[in-house]
Amino acid sequence: MDVFSPQPPSKAMQCAAHGDYIAHALPLPYFKQAVWSGCPACAEARRLHAEHTQRIAEERARQARLEASLNRAGIPKRFRERNLENFAVEHAGQQRVLDFARQYVADFEAQRRRGATVVFSGRPGTGKSHLAIAIAQAVMQHGATAFYVTAREMMLMLRASWGGARAPSELEVLRMLTDVGLLVVDEIGVQFNTDTERTQFFSVIDGRYREQMPSLLLTNLDRDGLSAFLGERSFDRLREAGCWLAFDWEGWRARPHPPARKENP
């Protein structure tokens, strides 16, 4: 056989797993010999298995990165299953806020350029935290950074900077809160209401306002209550290039729940 022939010879061969196939001689000019090709069905099975193995490895790596991001984002484990798909919709108001959330995620690059602040206002149990965390996780999946924190936790983070050289400085904490792609602050109106905390909160809001960074703020207060709680300077920052979304329905915690069934003795 001429191993340099432009048309390599072929012959019928049999695979134990896939039956008959046509094998082709593959010349190896440097060794002046040829090898016969193997079963194409076996080769395809090996290729599919390798692709499947790679997909699993990539998915595990992606999940690890996501978990690390969630840890860095401050999202509690209990809330990590909350997403836009499992937000309960029972009436037009809930559909309205869900539509807003989906559009917010879809237009997040524009939201980031505008530096808009969105306030979710409503009674406890109306779905504010669920929807805000769902938004944060959705934008993270598209490569943005996000950080979820309650107002009280944020005050404790800033206060911890007073604890000594090993703790991040207040300026470092403020820089982190200012630089993150999306800041979600929950339970505004629950933390200690002192002048120092009001000043610290204004520093965060003002820093993000100056850098045109978007924020989601969650509160049980109405407009007048939030204005009185935060102070005029902070509230003015929220009103400019921002929007107010009212979750104006009864919270699920306030609904009557059927008594738990007793197990048969």
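Read-outs: derived from the displayed coordinates by stated rules, not from any lab. Computed from a predicted structure; not experimentally measured. Here the Cβ positions follow ideal geometry from the backbone for every residue, glycine too, while neighbour counts run over all protein chains shown.
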Quick calc, residue 153 & residue 80: beta-carbon distance into FRET formula, R0 22 Å, rounding 0.05, result 0.85
Filter the GluC sites (Glu not before Pro) in the range 170-212 to those in DSSP coil with at most 13 other Cβ atoms within 10 Å of their Cβ, and list the result. 211
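For an R0 of 51 angstrom, estimate the FRET efficiency from the Cβ-Cβ distance between residue 194 and residue 53 and round to the nearest 0.05. Show your work: numbers first, answer last.
Values: r = 57 Å, r/R0 = 1.11.
For residue 194 and residue 53, the calculated efficiency is 0.35.
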Taking the Cα centre of the range 72-208 as the origin, how large is its charge dipole in debye, to the nearest 20, when only Lys and Arg (+1) and Asp and Glu (-1) carry charge on their Cβ atoms? 160 debye
Enumerate the calculated ³J(HN,Hα) couplings along the range 90-104 in order (Karplus 6.51 cos²θ - 1.76 cosθ + 1.60, θ = phi - 60°), each rounded to whole Hz, writing x wherever the residue is Gly or Pro. 10, 7, 5, x, 5, 5, 4, 6, 5, 4, 4, 4, 4, 5, 4
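I need the calculated FRET efficiency for the pair residue 18 and residue 109, taking r as the beta carbon distance and R₀ as 45 Å, to the nearest 0.05. Present the calculation step by step, with values, prior to reporting the outcome.
Details: r = 50 Å, r/R0 = 1.11.
Efficiency computed from Cβ-Cβ geometry: 0.35.
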Tell me which GluC sites (Glu not before Pro) from the range 78-129 have a DSSP coil assignment and no more than 15 other beta carbons within 10 Å of their own. 81, 85, 90
If contacts are Cα pairs under 8 angstrom and at least 6 residues apart, what is the relative contact order of the range 100-159 in percent? 30 percent
Mind listing the long-range amide H neighbours of residue 36? Cut-off is under 5 Å, sequence gap 5 or more, other chains count too, H placed in the peptide plane at 1.01 Å from N. 26
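Are there trypsin sites (Lys or Arg not before Pro) in the range 23-115 that DSSP puts in a loop and that have at most 15 other Cβ atoms within 10 Å, and which ones? All intermediate terms of the calculation are to be shown ahead of the outcome.
On the way: sites: 32, 46, 47, 55, 60, 62, 65, 72, 77, 78, 80, 82, 96, 102, 112, 113, 114; in loops: 32, 80, 82.
Passing both the DSSP loop test and the Cβ count: 32, 80.
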Summed over the other residues with a beta carbon less than 13 angstrom from that of residue 155, with K and R at +1 and D and E at -1, the charge totals -3
